[in-house]
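Here's the structure, in structure tokens; my notes come after.
The values are calculated or read from the model by the stated rules, or taken from the named source; none is laboratory data. Since the model is a prediction, treat every value here as computed from it, not as a measurement. When we count neighbours, we look across all protein chains shown, and the Cβ atoms used for this are built from the backbone with ideal geometry, even at glycine. Areas reflect the complete protein model, heavy atoms only, side chains present, ligands, DNA and RNA absent. Shrake-Rupley method; radii C 1.70, N 1.55, O 1.52, S 1.80 Å.
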Amino acid sequence: MLLHRAQKSFSIAVALLLLAAHGPSEAFNTNINNSDKISRYNNIQKMTYSSSLSRITTIASQQGLRSVSKIRNIKTKSHIPFSTSAFFSSRTAITSSLQSHVNNQQDSYEYDVIVVGGGHAGCEAASASARTGARTALVTQRLDTVGELSCNPSIGGIGKGHLVREVDALGGLMGDVADRAGCHFRVLNRRKGPAVRGPRAQMDRDLYRNAMADQLFDKNIHPGLECIEASVEDLMLEEGDGIDTLTPFGMVESSSSSVFNKDDSSSSITDTVSADLEKAMDKTSSQATANERKARIRGVIVKDSNGENTREISARCVIITTGTFLRGVLMIGKDRYVGGRHLRDSEEVEAPSVGLAHTLSRFGFPLGRLKTGTPPRLDGRTIDWDACVIQPSENPAVPFSHLRQFAGEQPPLVQQNTLINCYKSTTNQHTHDLVMKYAHLLPEYDGMDGKGNGPRYCPSIYKKVERFPDRTGHNSFLEPEGLNTHIVYPNGMSGPYPPEIQLQIMRTMPGLEKVEIIRPGYDVEYDFVNPQSLTHALETKTIAGLFLAGQICGTTGYEEAAAQGIVAGANAGRAAVASSIGDKAAKPFVIGRDEGYIGVLVDDLVTKGTQEPYRMFTSRAEYRISLRADNADMRLTRKGFEYGLLPGGPEGEQIAALNAREMLVDKRVEELRNFKLFVTDWAERGGTNVMGGDAMNRKGREGHKKTAEEILGMPHVTLNSVENIIAQVQTEERDRLLQSIQEKGGTDEEKEQKIGLTDDLNESKPSSGSTVDTELVLPNILPLSPPSTYDTVEATVKYKSYVKRQHRDMESWRRAQGLRIPPDLAYDHSELPTLSKEELEKLNLVRPTTFAEASQISGVTPQSLVFLYHHVTRRSKDRDYERSKKGSSIVQN
């Protein structure tokens with residue numbers, strides 16, 4: 001049970017201190033006095049740190065890191081105090097003023113934070129809020145559907161996989177849960193650069209839902225979280241123009257704040273970006289939103305699961321994560337019926353949320369209608385699998401969890417070798433003919449004049465055929481929904497035709513000629529709030545203490561929802577805790593565009609808004625070379641610690657693993673930088689075509705040396721090939737030295753005295769203080785980089801020059817935002833070949849007059865704006881040159 005209201009806030013504060021050190025049983029033991037609790041907290045800290053450090057250093061030493069003391073020292077460097085409360089800013093004592101406050105004030109709120117909805121946004125929001133120390137309630141219609149994968153049974157992908165890794169880096173749940181439930185793993189875009197590779201995994205639906213429930217319901221993991229089965233009917237509010245907020249956010253004091261404290265090696269931050277992030281955080285402050293405020297939250301009104309009793313639950317903050325339930329309508333053919341979604345493979349419907357929609361509308365929130373669809377579920381026993389193209393899982397797999405990857409552990413089903421295969425089928429002309437023939441039977445939607453406003457990048461089969469009439473086929477991946485089910489998800493085949501038409505369409509595809517449908521596909525249309533009505537903390541500007549996350553903000557996808565959930569949960573929890581103990585206003589948790597895809601996602605939504613379901617792509621990030629899936633922990637884990645989001649706090653495994661991994665990466669890059677060979681030797685050992693081409697053997701190059709780092713920076717050169725060459729050279733050198741000793745003769749004892757060992761790749765000298773008169777020192781043979789560091793080392797070296805160019809381009813673009821765009825500019829692929837169809841369509845529609853206006857168009861990426869800027873400046877220069885030539889010609893005549 002949660003800590004009851006009768007307990008004093010001081011006990012809560014000390015309990016939270018204990019929780020930070022994995023001590024839930026101690027934290028909530030009311031028979032222990034506060035001074036004893038603080039003493040035990042300090043002891044638990046030491047034990048927890050010692051245990052975590054032991055595990056991490058053991059793993060690190062196995063991967064080639066021998067200096068354990070360095071991990072301990074770096075740990076203290078990353079320990080920057082919390083700023084949300086007095087007990088966070090001083091972890092071993094509580095100030096007398098705070099003691100006086102918490103001992104004399106009784107709390108009138110049942111919870112600090114209430115999260116509405118148990119989907120992916122709700123799960124991450126509830127977990128993040130609880131991890132900040134907030135007393136949190138997750139309210140959902142059905143506890144048995146918490147974490148349900150409503151549509152596609154997969155997690156990750158291009159752009160989306162980056163989000164999952166970032167959520168994991170911040171202490172979130174999705175990455176670890178996906179690893180536990182994953183039954184088919186692949187890294188997409190593996191042939192391309194590390195920046196755009198996306199980890200993806202097929203889930204066992206039951207395992208995923210159960211693993212998520214295990215995490216949320218476990219009091220040892222979330223002791224401050226209670227899950228309530230009820231339906232939220234409406235909000236409890238105190239109204240008034242300009243009303244004061246009870247959970248304020250403060251202004252940023254300076255750019256030297258600990259939030260921006262990063263090592264140069266792992267940071268892409270610039271002064272301009274820091275200023276932009278500070279500006280976003282200041283706009284999030286309660287002072288900035290005071291004039292727009294019309295009410296503040298007091299809690300929610302819920303109806304019990306039996307639908308009979310209504311009651312009020314009070315809280316300082318409320319997070320709405322209703323997904324597709326906000327005034328949801330389900331559609332199959334011309335049939336329409338209210339609901340948020342069907343229960344899995346059932347005709348039973350979960351009720352929509354109508355009262356919340358009316359309240360949001362009453363307060364002037366800009367509401368719109370979006371739709372999404374899910375395909376029919378197929379009976380795998382009726383599929384001819386031999387007629388389909390097999391898509392096996394990768395084995396070994398790349399986990400989502402940073403800790404699991406660092407430890408060299410594989411996801412459970414990979415370890416058990418119980419992975420599944422997916423398969424590929426394709427549509428054909430017969431399929432397309434049926435799709436268009438029966439288009440008149442599709443639903444009539446509320447949005448876009450009856451056409452519906454669905455996801456551009458996850459379109460229905462009808463939209464695919466309509467947009468690309470020249471295509472002879474579209475792929476559909478047949479994805480089994482788990483290990484113990486025969487139900488198959490046909491990815492890419494959504495289309496809410498009448499059930500009999502859906503069956504006809506499916507049976508036109510290879511392998512599906514005799515397929516049977518278990519549950520027909522359907523569409524759902526629902527309300528969303530234009531996210532421009534939110535701050536970067538995802539708090540609404542109109543109602544203080546009310547936060548939104550997930551599809552209600554106009555996004556599509558589990559991963560986008562989870563990313564918003566962790567931001568909303570962190571901010572609501574921090575603000576509520578600070579208010580609960582009477583501390584100063586909390587500093588908002590805002591991720592910069594240069595720090596993570598989560599920052600790009602939130603910034604795009606709250607600054608540009610969206611008119612269609614927003615999906616994350618790597619192309620949306622102007623700093624995507626720096627924002628890779630492999631370095632999410634190096635970008636965000638310390639920030640997660642600074643804001644109180646990491647389980648175990650500074651003594652947890654995540655911080656220790658991060659410190660060790662950074663040391664391993666730095667060590668390997670340094671080793672590559674220090675190892676040199678003649679360019680002709682590189683070419684001879686690695687092959688001319690790989691090691692720089694014929695230029696490596698040009699006359700006069702014989703005496704020129706290159707480092708391993710420089711060689712790795714060349715195209716097509718892999719870290720594995722460079723490391724093998726280094727090991728080969730070292731082995732040969734070692735053999736020569738040993739042979740030399742053998743040739744000199746002597747007893748075995750004398751020979752041993754002539755041999756020393758060194759960790760250094762290049763220098764041969766005995767360690768300082770050695771009493772052995774050694775003549776020769778044998779270098780260690782360089783081991784291959786382990787999977788936990790391989791991608792990061794390779795990308796760090798290969799992208800070194802590109803990162804610098806990336807910043808130059810963005811700085812040029814930032815300075816040019818006031819530049820005017822010629823009104824006669826043609827937005828087509830012949831002039832702007834790198835721009836997407838969506839971008840050209842929107843630019844043609846809006847016809848912006850300046851780059852500042854163009855940057856506010858949703859869907860137009862920063863990289864495309866940079867290309868457009870170069871195109872316009874080049875066009876102007878060309879026209880100026882032509883004019884000058886004409887002028888000179890006139891003068892001469």
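Tabulated values for the structure
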| read-out | value |
| --- | --- |
| Residues of the stretch 336-373 that turn out to be touching a residue at least 60 places away in the same chain (Cβ under 8 Å) and either in a strand (DSSP E or B) or within 18 Å of residue 140 (Cα to Cα) (or both), as a count | 21 |
| Scope the stretch 469-522; condition surrounded by fewer than 17 Cβ atoms within 10 Å (Cβ to Cβ) and among the acidic types (Asp, Glu); matching residues | 470, 500, 513, 516 |
| The one condition in (1) within 28 Å of the chain's Cα centre (by Cα); (2) open to solvent by 60 Å² or more (accessible area, probe 1.4 Å) that residue 789 fails to fulfil | (2) |
| Positions within the stretch 194-233 being of a type in the set (Gly, Ala, Ser) and in a helix (DSSP H, G or I), in sequence order | 195, 211, 213 |
| Long-range neighbours under 9 Å by Cβ, at least six apart or interchain, first residue open to solvent by less than 70 Å² (accessible area, probe 1.4 Å) within the stretch 376-390, second modelled with pLDDT under 95 | 377/344; 377/345 |
| Some residue of the stretch 343-356 being within 30 Å of residue 464 (Cα to Cα), among the acidic types (Asp, Glu) and at pLDDT 95 or above | no |
| Answer residue from the stretch 615-649, given it is within 20 Å of residue 197 (Cα to Cα) and among the aromatic types (Phe, Trp, Tyr) and is least open to solvent (accessible area, probe 1.4 Å) among those | 623 |
| Residue count, the stretch 576-633 (criterion: of a type in the set (Lys, Arg) and closer than 30 Å to residue 314 by Cβ) | 2 |
| Test: residue 187 is surrounded by 23 or more Cβ atoms within 10 Å (Cβ to Cβ), more than 15 Å from residue 323 (Cβ to Cβ) and not aromatic (Phe, Trp, Tyr) | no |
| Residue 691 being crowded, with 16+ Cβ neighbours inside 10 Å, part of a loop (DSSP other than H, G, I, E, B) and at pLDDT 85 or above | no |
| Extreme residue, surrounded by the most Cβ atoms within 10 Å (Cβ to Cβ), among residues of the stretch 833-854 that are touching a helix residue (DSSP H, G or I) at 6+ places or on another chain (Cβ under 6 Å) and part of a loop (DSSP other than H, G, I, E, B) | 835 |
| The listed residue being under 20 Å from residue 641 (Cβ atoms), open to solvent by 40 Å² or more (accessible area, probe 1.4 Å) and at pLDDT below 90, out of 274, 265 | 265 |
| Test: residue 565 is at pLDDT 95 or above, assigned to a helix (DSSP H, G or I) and over 27 Å from residue 804 (Cα atoms) | yes |
| Some residue of the stretch 812-822 being more than 19 Å from residue 629 (Cβ to Cβ), free of Cβ contacts under 8 Å to residues at least 40 places away in the same chain and in a loop (DSSP other than H, G, I, E, B) | yes |
| Answer from 133, 175, 122, 161 - the residue that is part of a loop (DSSP other than H, G, I, E, B) and surrounded by 24 or more Cβ atoms within 10 Å (Cβ to Cβ) | 133 |
| Residue in the stretch 201-222 that is modelled with pLDDT of 90 or more, over 29 Å from residue 652 (Cβ atoms) and among the charged types (D, E, K, R) present | yes |
| The stretch 313-323, subset closer than 14 Å to residue 238 by Cα and not small (Gly, Ala, Ser), residue farthest from the chain's Cα centre (by Cα) | 316 |
| Selection count where residues are closer than 30 Å to residue 134 by Cβ and loosely packed, with under 15 Cβ neighbours inside 10 Å, scope the stretch 318-354 | 1 |
| Residue match in the stretch 612-619 (condition: in a helix (DSSP H, G or I), under 12 Å from the mean Cα position of the chain (by Cα) and not aliphatic (A, V, I, L, M)) | yes |
| Boolean, residue 167 is surrounded by fewer than 22 Cβ atoms within 10 Å (Cβ to Cβ), in contact (Cβ under 8 Å) with a residue 40 or more places away in the chain and within 15 Å of the chain's Cα centre (by Cα) | no |
| Residues of the stretch 431-454 that turn out to be within 13 Å of residue 334 (Cα to Cα) and open to solvent by less than 80 Å² (accessible area, probe 1.4 Å), as a count | 7 |
| Qualifying positions in the stretch 355-375 - loosely packed, with under 15 Cβ neighbours inside 10 Å and in contact with a Ser or Thr (Cβ under 8 Å, 6 or more places away or on another chain) | 364, 366 |
| Which listed residue, of 860, 866, is touching a residue at least 12 places away in the same chain (Cβ under 8 Å), open to solvent by less than 70 Å² (accessible area, probe 1.4 Å) and in contact with a Lys or Arg (Cβ under 7 Å, 6 or more places away or on another chain) | 860 |
| Any chance residue 523 is assigned to a strand (DSSP E or B), in contact with a helix residue (DSSP H, G or I) (Cβ under 7 Å, 6 or more places away or on another chain) and either touching a residue at least 24 places away in the same chain (Cβ under 8 Å) or farther than 22 Å from residue 349 by Cα (or both) | no |
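Here is a yes/no grid of residues against (1) under 26 Å from residue 551 (Cβ atoms); (2) open to solvent by 10 Å² or more (accessible area, probe 1.4 Å):
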| residue | (1), (2) |
| --- | --- |
| 584 | no, yes |
| 589 | yes, no |
| 598 | yes, no |
| 651 | no, yes |
| 655 | no, no |
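Quick grid of which residues meet (1) under 30 Å from residue 242 (Cβ atoms); (2) touching a Pro at 6+ places or on another chain (Cβ under 8 Å):
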residue: 459; (1), (2): no, no
residue: 467; (1), (2): no, yes
residue: 482; (1), (2): no, yes
residue: 487; (1), (2): no, yes
residue: 511; (1), (2): no, no
residue: 530; (1), (2): yes, yes
residue: 539; (1), (2): yes, no
residue: 547; (1), (2): yes, no
